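Presented below is the structure to which this report refers.
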């Protein structure tokens, strides 16, 4: 394994670890959502909804990232689709964070909006890298 395929395995592994950390970081919010809601300037119900959406998206990114890594290792054609799903979920996560920061949060809007922009960029990067890794594997006649 070399080149873009190796880069894909490494980067998508990092994506999976990063989002697993994000998902684990969201779990304490479920134990006391009222405190987190006050911190963010939201109602408790809004914070619970926000936690559910972010947790679901983070879990989806973890699963798709790991599926991409496995696909690249096994030389499966699904690498093309799983990397696109990973990128798409990153972009949905980013758009949700941007809209939350712009329209819902009363406190600490800017860090959430910056995080949303970063997630959008990661989504574009994931799609681009997934295509590069897939094409490199095809050129090596692996897929």
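The values are calculated or read from the model by the stated rules, or taken from the named source; none is laboratory data. Just so we're clear, the structure is a prediction, and the values are computed from it rather than from any experiment. All Cβ positions, glycine included, derive from the backbone under ideal geometry; neighbour counts span all protein chains shown.
Tell me yes or no: at least one residue of region 62-73 is at pLDDT below 90 and under 26 Å from residue 134 (Cβ atoms). Outline the logic, then answer.
Residues of region 62-73 at pLDDT below 90: 72-73.
Of the ones still in play, those that are also under 26 Å from residue 134 (Cβ atoms) are 72-73.
Checked against the condition, which is being at pLDDT below 90 and under 26 Å from residue 134 (Cβ atoms), region 62-73 yields at least one hit.
Quick test for you: out of 121, 117, 126, pick the one residue that is touching a residue at least 60 places away in the same chain (Cβ under 8 Å), in a helix (DSSP H, G or I) and either over 18 Å from residue 26 (Cβ atoms) or out of contact with any strand residue (DSSP E or B) (no Cβ under 7 Å at 6 or more places or on another chain) (or both). Lay out the reasoning, then the answer.
On the way: 121 fails: touching a residue at least 60 places away in the same chain (Cβ under 8 Å); 117 fails: touching a residue at least 60 places away in the same chain (Cβ under 8 Å).
None of the other options fit; the residue is 126.
Output the number of the condition that residue 92 fails; it satisfies all remaining conditions of (1) part of a helix (DSSP H, G or I); (2) farther than 17 Å from residue 65 by Cα.
Unmet for residue 92, out of (1) part of a helix (DSSP H, G or I); (2) farther than 17 Å from residue 65 by Cα: (2).
Out of (1) at pLDDT 95 or above; (2) under 19 Å from residue 7 (Cα atoms), what's the single condition that is false for residue 136?
Of everything listed in (1) at pLDDT 95 or above; (2) under 19 Å from residue 7 (Cα atoms), residue 136 misses just condition (1).
The rows are residues; the columns are (1) in a helix (DSSP H, G or I); (2) under 18 Å from residue 102 (Cα atoms).
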| residue | (1), (2) |
| --- | --- |
| 11 | yes, no |
| 23 | yes, no |
| 34 | yes, no |
| 38 | yes, yes |
| 42 | no, yes |
| 47 | yes, yes |
| 50 | yes, yes |
